[in-house]
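S.K.: Here it is, the structure, as structure tokens.
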Amino acid sequence: MNRRDFLKNAVMSGAALTLPLGMAPFLSMAEGADRPDLAVVRGASPARITSAAVNELGGMRRFVSRGDIVVVKPNIGWDRTPEYAANTNPEVVAEIVRLCYGAGAKKVKVFDHPVSDARRTYKQSGIAAAAAAAGAQVSFVDERKFKEMAIKGQILKTWPLYTEIIEADKVINIPIAKVHGIATLTLGMKNWMGIMGGWRGRIHQRIDESLVDIARFVKPSLVILDAVRILVENGPQGGSLSDVRRLDTVIAGTDQVAVDALGTTLFGMKPDALGCIRIAHSAGLGNMNISRLRIKRLTI
Amino acid sequence: MTMKNLRRFSQTLFLLLFLWLFLQTESKGANELGYPVKIFLDADPLIWLTTILASRSFYGVFALAITTIVATALLGRVFCGWICPLGTLHHLAGKLKKRTIPNKQVFLRSQNLYRIKYLLLTFLIVAALFGVQLAGLFDPLALLIRSLSLAVYPIFSYTLRSFFDGVYTWDIKFITVGSEFIYGFLKKTLLPFSQPLFFQGIFIGLIFFLILALNLREKRFWCKYLCPLGALLGLLSRYALLKRSVSEDCDGCGVCLRGCQGVACFSGSPGGAILDKVKEWKSAECLVCLNCDDPCPKNAVSFGFSRKQAPAALDLGKRRVLSSVLAGMAAVPLLRITPLAKVGAAEPTLIRPPGALAEEMFLKRCVKCGECMKVCITGGLQPTFIEAGLEGIWSPVLVPRIGYCEYRCTLCGQVCPTGAIRKLNLEEKAATKIGLAMIDKGRCLPFAHNMSCIVCEEVCPTSPKAIWFEEVRLRDRYGREVLLKQPHVDLSLCVGCGICETKCPVLGRPAITVTNLGESRSKDNQLLLS
């Protein structure tokens, strides 16, 4: 959020509080569009539902400015092909890359710090090829670019994080929705584990607090939760097609807590089932009360 | 182009082909490598012959080995002089030797040492006949690939990486930009994906550099005196049709001897008869380098096809041959008087790669070339020392603390030249156990310290996961209730890949470890009833 947006939002929300309820629609029109907090789009084409979701939120130009260096952070954690739903859908990733360039981005970088061998995860997930075809700079993480950073979180005081994320003008998080042993589900905030260096397994001791610490440090401009296929068993890496459900859905939003909160409902859960959502909400990082959010649902 | 230049061209071409295939022996992320990286080992008749003798079974492709045999029978040791990449490296290293010795001393050198290689060959073949495969330790191609994989390439990578990392940390504007550009290019071409690190890299490297250094004593020392493959090819080339002939114009000046890459052009002791001996030629010792052709001032030397001219007899000495035979026979019990073969007494950390044959057969097939270790995606495959007995030295063992076996990777089986590691498809791989993981409850965080963890469960690659957890309510020292997930291993599902051990946050001595108990390849080393 730049200063201008901040001032505009502050004025608008200030105005909203003082005006009678009936005036709200006019205000949102004044804001440029009838913008929802979250867009949930369902449809057969991963690329089309992705661009439709971004469109509902005001289009990529709202998030990416001309000349920006953008990091698009998918989950490329595992040596699995797309139909196993262990990594973000490659078509979703490629579409986001195209939209960023369409909005005038100077460079779009795509990378992840995988658990399995990076060569295999990049290749087998289909993400490296799809993102590169869309013009992204796809690279393996370079160990030298992890720098100890003062996170000043509740649990993580300092941790080596990937400098390209911190130095980027805009960061777009595109996780995939999966079940996960220690974290129950892995959604948006959990995806930040992929920018951590060092011996990451240690954060399992206080996983929820640690994830919120990182999420607070790296605020994304946009989050697209890929639920084209979700993993309902054997997460986070699956391995059997029977572990996968096809939902043909993406959820997009700017509030990473809200996106994750709505993401839990894909699994028939409530937002407070996830510790990191509860903690992030009470820390003021975002809003987990789905009933208070404007959600635009669309099927194309 | 003279024949000599043609030979140089061939040597360069094959060396570059070899090195290029060596660089391709690395994952690019696909399931298949896409290049026949073991083609040189396929063409190696010593590996082929000893493997067949030791394992008493045929294996894989042998068309190339037969081709080498036929080519040698017709043309002599062209493989040594024109193709062998180690031979070419020796040829180059030999150039470092000063050429200050007068002609006469050429004759004075270690003329009888050439027998060593035949005696070594005898030893290796007899040992193979009795079921011990030791040829890989001395075979020039296995030796070269092993040395490059485990020592030379890691040194190369380490040197370049530390140089570019140094420039990177200086962070001087234009220099660093340039160096990073070059580094990026090198990473895509010559450098390995990650720095290879191997146990015993230093010893294997020292042996290799020592062998190269022997060229300073005498050029192509290895090829002339030690190489068992050279000996085998020498025996095959005794009746080769391509022969060297010297016309009556020869005045015995000895110029031809200086360039000789073999020990082909002289025998006997130095003395009055030297000049006559210049005409003499041992086909078995000739590397067909053709160095003797051009410099002859009388133009008396020529190579051509002929069937006449009986080859000089190979005199190794009956006692020496008998000794090698006996040594080869004695090596078998000497290497086997170890309790390692007893059920339950084998080294439990000897986790063999997936697709490895049962240990006894594995040792008869493995030629210790190190291809599997070179290609291993996580670097977990390491050379053994004596875990598998001395017979199994430098054979592959998975060390999960260093790297695990990637669940869907089958590269080690694809590069194994002798089928010691079978080539598996993905279904077979998923069903192949290389061991079993077990939890050390005294170190595991949720068991021993009431702390949350289960990294092992997260990374377990099977579906359903072999590692499952039980939710338990415990109390901490202040009586507060803690809800914990405690991991357990389902031994029927565990394949022993070791990723749990690799990623276990309890470093050094992990809380979950894999041993080879339960490995599919063994009939006896089993735990489960069914």
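The values are calculated or read from the model by the stated rules, or taken from the named source; none is laboratory data. Keep in mind that this is a model prediction, so the values were computed, not measured. With ideal geometry, Cβ positions are generated from the backbone for all residues, glycine too; neighbour counts draw on all protein chains shown.
S.K.: So, residue A:250, is that one closer than 26 Å to residue A:35 by Cβ, surrounded by 24 or more Cβ atoms within 10 Å (Cβ to Cβ), aliphatic (A, V, I, L, M) and out of contact with any Asp or Glu (no Cβ under 8 Å at 6 or more places or on another chain) or not?
M.R.: Numbers: closer than 26 Å to residue A:35 by Cβ: yes; surrounded by 24 or more Cβ atoms within 10 Å (Cβ to Cβ): yes; aliphatic (A, V, I, L, M): yes; out of contact with any Asp or Glu (no Cβ under 8 Å at 6 or more places or on another chain): no.
Spelling it out, it is not the case that residue A:250 is closer than 26 Å to residue A:35 by Cβ, surrounded by 24 or more Cβ atoms within 10 Å (Cβ to Cβ), aliphatic (A, V, I, L, M) and out of contact with any Asp or Glu (no Cβ under 8 Å at 6 or more places or on another chain).
S.K.: Just the residues that are under 20 Å from residue B:149 (Cβ atoms) and of a type in the set (A, V, I, L, M), please, taken from the range B:214-232.
M.R.: To start, the set of residues in the range B:214-232 that are under 20 Å from residue B:149 (Cβ atoms) comprises B:222, B:227, B:229.
Selection gives B:229 alone.
S.K.: Considering only residues of the range A:109-168 that are among the aromatic types (Phe, Trp, Tyr) and in a loop (DSSP other than H, G, I, E, B), which is nearest to the other protein chains (Cβ to nearest Cβ)?
M.R.: Of the range A:109-168, the ones among the aromatic types (Phe, Trp, Tyr) are A:111, A:122, A:140, A:146, A:159, A:162.
Then keep just the ones that are in a loop (DSSP other than H, G, I, E, B); that gives A:111, A:140.
Details: A:111: 14, A:140: 8 Å.
Of everything passing the filter in the range A:109-168, A:140 is nearest to the other protein chains (Cβ to nearest Cβ).
S.K.: Is it the case that residue B:287 is in the same structural domain as residue B:94 (by TED's automatic domain parsing) and either modelled with pLDDT of 85 or more or part of a loop (DSSP other than H, G, I, E, B) (or both)? Outline the logic, then answer.
M.R.: Values: in the same structural domain as residue B:94 (by TED's automatic domain parsing): no; either modelled with pLDDT of 85 or more or part of a loop (DSSP other than H, G, I, E, B) (or both): yes.
In short, no.
S.K.: Of the residues B:430, B:345, only one is over 23 Å from residue B:462 (Cβ atoms) and either modelled with pLDDT of 95 or more or in contact with a helix residue (DSSP H, G or I) (Cβ under 9 Å, 6 or more places away or on another chain) (or both); which?
M.R.: Working: B:430 fails: over 23 Å from residue B:462 (Cβ atoms).
Answer to the selection: B:345.
S.K.: State which residue pairs qualify: first residue touching a residue at least 12 places away in the same chain (Cβ under 8 Å) and inside the range B:8-24, second residue surrounded by 14 or more Cβ atoms within 10 Å (Cβ to Cβ) and of a type in the set (D, E, K, R) in any location, beta carbons under 8 Å apart, and separation of 6 or more residues or different chains.
M.R.: If the second residue must be surrounded by 14 or more Cβ atoms within 10 Å (Cβ to Cβ) and of a type in the set (D, E, K, R), the pairs left are B:22/B:374.
S.K.: Same structure again: Given (1) buried (at least 22 other Cβ atoms within 10 Å of the Cβ); (2) within 12 Å of chain B (Cβ to nearest Cβ), where does residue A:177 come up short, assuming only one miss?
M.R.: Condition (2) is where residue A:177 drops out.
S.K.: Collect the residues in the range B:469-507 that are more than 22 Å from residue A:233 (Cβ to Cβ) and polar (S, T, N, Q), keeping them in residue-number order.
M.R.: B:502
S.K.: Could you list, in sequence order, all residues of the range A:270-300 that are over 20 Å from residue A:219 (Cβ atoms), assigned to a loop (DSSP other than H, G, I, E, B) and touching a strand residue (DSSP E or B) at 6+ places or on another chain (Cβ under 7 Å)?
M.R.: The one that is over 20 Å from residue A:219 (Cβ atoms), assigned to a loop (DSSP other than H, G, I, E, B) and touching a strand residue (DSSP E or B) at 6+ places or on another chain (Cβ under 7 Å): A:300.
S.K.: Considering only residues that are part of a loop (DSSP other than H, G, I, E, B) and under 21 Å from residue A:224 (Cβ atoms), look in the range A:180-203 and name the one that is farthest from the other protein chains (Cβ to nearest Cβ). Step through it out loud before you land on a result.
M.R.: Taking the range A:180-203 and keeping what is part of a loop (DSSP other than H, G, I, E, B), we get A:181-183, A:187-188, A:197-199.
Now restrict to residues that are under 21 Å from residue A:224 (Cβ atoms): A:183, A:187-188.
Working: A:183: 9, A:187: 15, A:188: 18 Å.
Per the criteria, the residue is A:188.
S.K.: What number of residues within the range B:484-503 are buried (at least 19 other Cβ atoms within 10 Å of the Cβ) and over 15 Å from residue A:181 (Cβ atoms)?
M.R.: Final tally of qualifying residues: 7.
S.K.: I'd like to check which helices (runs of 4 or more DSSP H) are fully inside the range B:384-459 and have at least 1 residues that are within 14 Å of another protein chain (Cβ to nearest Cβ) and over 30 Å from residue A:179 (Cβ atoms).
M.R.: Numbers: elements: B:411-415, B:426-430, B:445-448, B:455-459.
Those helices (runs of 4 or more DSSP H) span B:411-415.
For (1) of a type in the set (A, V, I, L, M); (2) surrounded by fewer than 16 Cβ atoms within 10 Å (Cβ to Cβ), each residue gets a yes or a no:
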residue: B:320; (1), (2): no, yes
residue: B:361; (1), (2): yes, no
residue: B:393; (1), (2): yes, no
residue: B:406; (1), (2): no, no
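S.K.: If you don't mind, another one. Within the range A:237-266, work out how many residues are touching a helix residue (DSSP H, G or I) at 6+ places or on another chain (Cβ under 9 Å), within 14 Å of chain B (Cβ to nearest Cβ) and part of a helix (DSSP H, G or I).
M.R.: Number satisfying all stated conditions: 2.
S.K.: Considering A:211, A:222, which residue is within 14 Å of another protein chain (Cβ to nearest Cβ) and within 16 Å of the chain's Cα centre (by Cα)? Step through it out loud before you land on a result.
M.R.: Working: A:222 fails: within 14 Å of another protein chain (Cβ to nearest Cβ).
One residue alone meets the criteria, A:211.
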